[in-house]
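Right, one structure below, let's go through it.
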Amino acid sequence: QVQLVESGGGLVQAGGSLKLSCAASGETSRVYATGWFRQAPGKEREFVGGIRWNGGGITYADSVKGRFTISRDSTMNTVNLQMSSVKPEDTAVYYCARSRRIGVSSAPDDYDSWGQGTQVTVSS
């Protein structure tokens, strides 16, 4: 079993930047993808982006493409989400999750381990 812990959330002004991190511990030897999702109040959980275990196959949702960057530090078992040019509509709880698949999937059901989430609030 893997444990995932997100950090780095907070309040940021529109147009600003924020970096989220997802630290994995426990069973980190599985070579599956890691994804980032977000959920705003009253909305369904939404795929943000993901990365394969080897750092390749990076995929983004259209809503964040060109503004968010995903990277991984394999030595620290950490996956980062660099958020830039943030907008009020980026306000949500952000979750990282580990996939059952090697490739990145946008479907939440393809992920079996989730962090507790970190709140990101973008003020206008």
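Quick note: the coordinates plus some simple rules give every number you see, no bench work behind them. All values derive from a computational prediction rather than experimental measurement. As a convention, Cβ positions derive from the backbone with ideal geometry for all residues, glycine included, and neighbour counts pool all protein chains shown.
Take the Cβ atoms of THR28 and ASP62, set R0 to 41 Å, and the FRET efficiency comes out at 0.85. Amide H contacts under 5 Å for SER113: ARG98, restricted to partners 5 or more places along the chain or on a different chain, H placed in the peptide plane at 1.01 Å from N.
Tell me the volume per residue, in Å³, of the convex hull enclosing the alpha carbons of the chain. Working shown, then result.
Working: hull volume 11.1 nm³, N = 124.
Per residue, the Cα convex hull of the chain comes to 90 Å³.
Once the piece of chain linking ASP109 and GLU89 is laid out straight, how much longer is it, given 0.36 nm per residue of separation minus the C-alpha distance between them?
Net length gain for the segment: 4.8 nm.
Computed from the Cβ-Cβ distance with R0 of 30 Å, the FRET efficiency linking THR75 to GLU46 stands at 0.50.
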